[in-house]
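Working notes for the structure below.
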Amino acid sequence: MLSSARVQAPERRRPQPWLIRVTHWLNVPLLLIMAASGLQILVAYPMLGPQGRPYGWYPFQGIPPPEWMRLGNWLAGARHWHFAFAWFLTLNGVAYVLYLALSGEWRRRLFLPRRDTHNALDTLAFYLRVRKHAPAQGLYNGLQRLAYTGTLALGLLAVLSGLVLYKPVQLGVLTSLLGGYDAARAIHLVILALLALFTVGHIALVLLHPRSLAEMVTGGRKPDA
């Protein structure tokens, strides 16, 4: 059984340990490169169904993204960028998840339903002006933990769907689990859109709370033991 001192140890760390900061800032150029090269790949095959036909539920087929959002100039060039930097992004994510698991940081960063559900609902009510006062929070509130945990789930699904697009025949079981190649492609693009929405919201909240940006640069002040 873990002692109370051991359980509370992560709370005496800096708000943002060095490896959290490194992986966070590496995500910025890596995600930009992945998104831009992925959009260039999309231009070559803008319809997601078989043989150039539309794919069921995906709403934005046949709409090419603007040129300024794309990287790679042509299909092969974009694929080189995309598949090369996919490994760096994946390794960066693996380093982050391993650090969360081994350091105990997962306790204060990941969404735990029994602990965080009520706080997340109260925080949402505060943001919607239904509640007058913000609920108490530590490093993050329940809604933030839910959002960050959701991005980890999206990242995992992005990797799995990307592997299907890379090797659909060799990874036939995974391809079937995701509904086939065309479904995996649609899922991959939906994840891109969701991550873009998360980024917009994330930047907006950082602008409202600039101290969090400073902490992500410096690590913040270590609490008194």
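Any residue that is open to solvent by less than 80 Å² (accessible area, probe 1.4 Å) and more than 22 Å from residue 93 (Cβ to Cβ) - is there at least one of those in the range 187-207?
yes
Exactly one condition in (1) open to solvent by 100 Å² or more (accessible area, probe 1.4 Å); (2) touching a residue at least 12 places away in the same chain (Cβ under 8 Å); (3) part of a loop (DSSP other than H, G, I, E, B) is not met by residue 64; state its number.
For residue 64, the failing item is (1).
Could you list, in sequence order, the residues of the range 167-225 that are of a type outside the set (Val, Ile, Thr), assigned to a loop (DSSP other than H, G, I, E, B) and within 30 Å of residue 44 (Cβ to Cβ)? Walk me through how you get there before you give the answer.
Taking the range 167-225 first, the residues of a type outside the set (Val, Ile, Thr) are 167-168, 170-172, 174, 176-186, 188-189, 192-198, 201-202, 204-205, 207-216, 219-225.
Remaining after also requiring assigned to a loop (DSSP other than H, G, I, E, B): 167-168, 170-171, 178-180, 209, 219-225.
Answer for the range 167-225, where residues must be of a type outside the set (Val, Ile, Thr), assigned to a loop (DSSP other than H, G, I, E, B) and within 30 Å of residue 44 (Cβ to Cβ): 167, 168, 170, 171, 178, 179, 180.
May I ask you to say which residue of 176, 161 is farther than 30 Å from residue 13 by Cβ, open to solvent by less than 40 Å² (accessible area, probe 1.4 Å) and modelled with pLDDT of 95 or more?
Exactly one of 176, 161 is farther than 30 Å from residue 13 by Cβ, open to solvent by less than 40 Å² (accessible area, probe 1.4 Å) and modelled with pLDDT of 95 or more, namely 161.
Among the residues of the range 124-138, is any of a type in the set (S, T, N, Q), assigned to a helix (DSSP H, G or I) and either surrounded by 14 or more Cβ atoms within 10 Å (Cβ to Cβ) or touching a residue at least 60 places away in the same chain (Cβ under 8 Å) (or both)? Working first, answer last.
Of the residues in the range 124-138, the ones of a type in the set (S, T, N, Q) are 137.
Subsequent filtering for residues that are assigned to a helix (DSSP H, G or I) retains none.
No - not one qualifying residue is present in the range 124-138.
The values are calculated or read from the model by the stated rules, or taken from the named source; none is laboratory data. Note that this is a predicted model, so its numbers are computed, not measured. Positions of Cβ are backbone-derived with ideal geometry, glycine not excepted, and every protein chain shown enters the neighbour counts. Side chains are part of the model used for accessible areas, which takes the heavy atoms of the whole protein and leaves out ligands, DNA and RNA. Shrake-Rupley method; radii C 1.70, N 1.55, O 1.52, S 1.80 Å.
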